[in-house]
Amino acid sequence: MDREPPTKPDEPERCVGVDVGILKFAHDTDGFALGSLDLADERNRLDRERRKLSRKEHGSANWERQRRTVAERYADLKRKRRDFLHRVSAYYAREYDLVAVEDLNVTGMMEWPSNSRNTASAAWGTFLSLLEYKCEREGTHFVAVEPAGTTKECASCGVSTDKPLWVREHSCPACGFTADRDANAAVNILSRGLADVGVVHSEITPSETATATGTDVSTVPASRVTEQGSPALNEASAQARVE
Ligand SMILES: [Zn+2]
């Protein structure tokens, strides 16, 4: 994506790094993890209506009526996904002075399961543009960082270690630092984001931030965001930070 070079914010107090993924939708440097949106029910409903459509005589009045139903189910699914992305991006733009995320990581995505890759990358792209737009509206600094190696790099010492998708824990062979895989990545994303805008933020010490979140982070289900709206997201993140 083409972007203006980031400008240096004046003393951002609340900074966050957000790792966007597939098993979890987001994991941030404040120890908040949000599950992926499960749209299986909506997909099943859409498939059922599509099957009904295929049994109707093409062009008939019944077929035309069913075609409209299929379109509605499809719109439901898209609306639900977009609504989720709106709420999550609004939360980060509102709660923070600076939000660092990875720019779309096309190479990294090849590690993801192929059946979910297209949907997940589309959601990620939409999330990034919504986040950028909402941050601008709220006067929050948005930084999209270089995505290569954020998962492999140790947030404590910087040494890179290969880590397949199924390895959920970061355990550094060089310095012994351990953290949840995505928590470690989130710290790297925030460090890169702060470096990109030239902010030296003494309060952010990678090892402390990630250690505080531990390797056992409870993930808030995405349904809490879609069913109860944005306030639920604030409560859930506050709760996750206390735990
Ligand atoms: Zn290390």
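Here, each number is a calculation from the coordinates, and none is a lab measurement. Note that this is a predicted model, so its numbers are computed, not measured. In this analysis, Cβ positions are derived from the backbone assuming ideal geometry, glycine residues included, and neighbour counts consider all displayed protein chains.
How would you classify segment 49-138 from its alpha-carbon gyration tensor, with a ≥ b ≥ c the square roots of the eigenvalues: rounded for a/c under 1.5, else prolate if a/b is greater than b/c, otherwise oblate?
Note, shape of segment 49-138 comes out oblate.
Cα atoms only, segment 3-94: Rg and Dmax in Å?
Rg and Dmax of segment 3-94, Cα atoms, are 20.4, 65 Å.
What is the calculated FRET efficiency for Thr126 to Arg51, with r their C-beta to C-beta distance and R₀ = 35 Å, to the nearest 0.05?
In this case the efficiency is close to 0.80.
Can you sort Arg65, Arg181 from fewest to most other Cβ atoms within 10 Å of each residue's own Cβ?
Arg65, Arg181
Considering only Cα-Cα distances, which of the following residue pairs are longer than 31 Å: Lys24/Lys134; Lys56/Lys80; Lys24/Lys56; Lys78/Lys134; Lys52/Lys78; Lys80/Lys163?
Too far apart for the 31 Å limit: Lys24/Lys56; Lys80/Lys163.
Roughly what % of DSSP beta bridges within segment 15-242 run antiparallel, to the nearest 5?
50
So what is the relative contact order of segment 1-159, in percent, for Cα pairs below 8 Å that sit 6 or more residues apart?
Value for segment 1-159: 25 percent.
Taking segment 15-242, how much of its Cα-Cα pair set, in percent, is spaced more than 28 angstrom apart?
35
Rank the residues Lys78, Lys134 as a footprinting-exposure proxy: fewest other Cβ atoms within 10 Å of their Cβ go first.
The fewest-first ordering by Cβ neighbours comes to Lys78, Lys134.
So how strong a dipole does segment 15-242 carry about its Cα centre when Lys and Arg Cβ are +1 and Asp and Glu Cβ are -1, to the nearest 20 debye?
1640
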